[in-house]
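The values are calculated or read from the model by the stated rules, or taken from the named source; none is laboratory data. Keep in mind it's a predicted model, so treat the numbers as computed, not measured. A quick note on method: Cβ atoms are made from the backbone with ideal geometry, for glycine too, and the neighbour counts reach across all protein chains shown.
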Amino acid sequence: MTLALHGVTDVGRVRRNNQDAYGIDAAHGLIVVADGMGGHAAGEVASRLAVDTVVAEVTRGLDSGKIPWEGEAPLHLTEWQRLLISSIRIANQMIFSSAQENPDQKGMGTTIVAALFHGGRVTVANVGDSRLYLWRGERLSQWTRDHSFVAEQVERGLLTPAEAATAANQNILTRALGTGAEVDVDTQERKVDGADVFLLCTDGLTRMVPDADIAATLRDTADAAGMCERLVKAAVERGGRDNVTVAAARVTGSQWWERWKNCWSQRRTRRQP
């Protein structure tokens, strides 16, 4: 199985600065996307710090086989879930501390969504309203849950999805990195199929391009780079009211994860006394 990873970001047509950020570590099968918030370019600082920290912490954990975790690890979490959660928590602490120490960064924060591919599976973690979609069997499904006021209103039956799409308070988040000393991270882990496409994106895409059009683009585009480029272009052409970032992982074949699994097993064997 082969894994093709690609990402594209654009400032859009309205904003002066790009507060989105993304990172890809193909060697470790990792994609991270973040959407920053805060004035005086603080949003750029938050999103970049989040992405760089998570990539660095995940890489360190995979290479060393050691996952930092305070207290006893929950039994229902896999080591991959614990790795993403701990990495995102470290990023949260760094952003929060930086905002406390620098007055011009006060109030900064960021969303984050990350996907880590391993052993024929994918582990996903998210905070905020940046999303991960799966395209499988001609069907698009949203895996992540938005941590936003509007999403909670929909869950409670107070708004319909159609009403939520035009709500004035779509930008109010109920969870974000950097806004507090601690943060809750949603995580899940599932099996990867041979023709899957995983799409990570900021709300600069989803507020401009409906899911039906996202699905059509994934259906009609063969490669990850083309998917990202076409979706970002569509968001900008439809108004580009926000920064837009799209990253994709396209799975084909049947061998990449077996090689990765063997490599990981060899590292763990070497560390045993």
Query raised in the report: Can you name the number of the only condition in (1) touching a Leu at 6+ places or on another chain (Cβ under 6 Å); (2) farther than 15 Å from residue 249 by Cβ; (3) outside any helix (DSSP H, G or I) that residue 31 fails?
Result: (2)
**Report entry** Selection count, the stretch 73-83, where residues are touching a helix residue (DSSP H, G or I) at 6+ places or on another chain (Cβ under 7 Å) and crowded, with 22+ Cβ neighbours inside 10 Å
**Finding:** 1
Requested in this report: Have a look at 213, 186, 193 and point out the one that is modelled with pLDDT of 95 or more and either over 22 Å from residue 87 (Cα atoms) or loosely packed, with under 13 Cβ neighbours inside 10 Å (or both).
Outcome: 213
Query raised in the report: Are any residues in the stretch 153-195 closer than 30 Å to residue 224 by Cα, hydrophobic (A, V, I, L, M, F, W, C) and part of a loop (DSSP other than H, G, I, E, B), and if so, which ones?
Result: 176, 185, 192, 195
Report task. Considering each residue of the stretch 88-146, count those that are without any contact (Cβ under 8 Å) to a residue 12 or more places away in the chain and touching a strand residue (DSSP E or B) at 6+ places or on another chain (Cβ under 9 Å), and give that number. Result -> 1
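Yes/no matrix, rows are residues, columns are (1) in contact with a helix residue (DSSP H, G or I) (Cβ under 8 Å, 6 or more places away or on another chain); (2) at pLDDT 95 or above:
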position	(1), (2)
88	yes, yes
107	yes, no
141	no, yes
150	yes, no
156	no, no
167	yes, no
**Report entry** Residue check for residue 77: touching a residue at least 12 places away in the same chain (Cβ under 8 Å), within 23 Å of residue 145 (Cβ to Cβ) and part of a loop (DSSP other than H, G, I, E, B)
**Finding:** yes
